[in-house]
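Laboratory data are not the source of any read-out in this text; all were calculated from the coordinates shown. On a predicted model such as this, the values are computed, not experimentally measured, just so you know. Here the Cβ is made from the backbone with ideal geometry for all residues, glycine too, and neighbour counts use every protein chain on show.
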Amino acid sequence: MKKILVIGAGGQIGSELVLALRNKYSAEQVIASDVKEECPEIIKNGPYKQLDILNRDAVREYVITNEITDVYLLAALLSATAEKHPDFAWKLNMEGLFTILDLAKEGYLKQIFWPSSIAVFGPTTPNVNTPQYTVMEPSTVYGISKQAGERWCEYYNKKFNVDVRSIRYPGLISYTSLPGGGTTDYAVDIFYKAKKDAKYDCFLSENTELPMMYMADAIRATVELMQAPAENISIRSAYNLSGCSFTPAELAENIQKHVPNFTITYSPDFRQQIADSWPKSIDDSYARNDWGWKEEFGTDKMVEIMLENVNPALLD
Ligand code: NAD
Ligand code: SER
């Protein structure tokens, strides 16, 4: 029987992934864990363990004594925060991964999910329909850590037969938890401000096109990838995955269909340079061919759902 540990479960992805995994298996089989002392409200429907992924001994002891079979390792610093704390970002994003990969190498774990990002690409990558295999020269600490992580995942798979799987998530859009310090966060923030004040000052410029995805698609992709037969998984670094692509101006225009008096202004900051180094759109044909990936949510549907569900009180 599977016993799943989700590390970094209190964040934007973790909180929804825990609920999806508990629906699929059972609440008892899915342990949420995070460095946060208190279990976040949204995932209180099952077990919670406070764990710091940087405490290698504590993580090892918990996994071994509780006979954990699968780990979803989500704890990381995202792109914008990582640029402010480069040393710590490198430590957090890399050390935790080795702790989990080593547990699998030693036979304690059966499966690992570890997310990568579109940040593995850089300014020299072809940025329209970015292929799975292409030039990768990331220019951010976050991107470098994700690219190194991908290489190590593939290495542990080839060398030690570790069943580790990964996705290069685009910017993820959701309303249940606030995003945690990324460059794509504007595409979430904008909905809160549209609902609250009918105006938004965007930290990226109006024509900055980036790949994005509604969270329900990202969670389904994660579960589908983890369930796919091992022989179908041809990529052990990380799969490209595509949902939709848009610019802040296009998103604003779409929001105006629902909030006609909504206005947007632009004050690009340090995140502009990060965004400019990332793809505009992604070719995810390997995910489609290998494990049948297909997105369900386009921009229009995502905008409708977000405006209906965001709760501006979360910002207080
Ligand atoms: P998030 O910042 O919302 O959540 C991260 C969680 O990790 C937080 O709850 C935090 O408390 C926890 N955490 C931090 N340090 C920890 C530690 N030492 N030990 C245990 N937990 C710790 O991030 P997210 O958006 O949910 O992203 C999760 C993963 O997905 C990250 O690896 C991120 O790089 C990747 N990713 C996210 C996106 C996105 O758009 N959200 C896109 C691409 C990749
Ligand atoms: N959404 C993430 C970020 O902006 C991409 O990995 O950091």
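From the Kirkwood radius over Cα pairs of the stretch 178-306, Stokes-Einstein at 25 °C and 0.890 mPa s returns a whole-number translational diffusion coefficient of 154 µm²/s. With only the Cα atoms considered, the chain has a convex hull volume of 123 Å³ per residue. The packing ranking, built from the mean of other Cβ atoms within 10 Å per residue, places the peptides 159-168, 127-136 in the order 159-168, 127-136, highest first. The packing ranking of peptides 4-16, 268-280, highest mean first, is 4-16, 268-280, where packing means the average number of other beta carbon atoms within 10 angstrom of each residue. Pairs spanning more than 23 Å between alpha-carbon atoms, out of Lys193/Lys257; Lys146/Lys193; Lys84/Lys146; Lys2/Lys91; Lys196/Lys257; Lys49/Lys158: Lys146/Lys193; Lys2/Lys91; Lys49/Lys158.
Couplings for the stretch 209-214, taken from phi via the Karplus curve 6.51 cos²θ - 1.76 cosθ + 1.60 with θ = phi - 60°, read 8, 9, x, 9, 7, 6 Hz in order; Gly and Pro are left as x. Across all directions, the shadow cast by the convex hull of the stretch 81-224 built on its C-alpha atoms averages 10.2 square nanometres.
Per-peptide packing, taken as the mean over residues of other Cβ atoms within 10 Å, places 18-28, 243-253 in the sequence 243-253, 18-28 from highest down.
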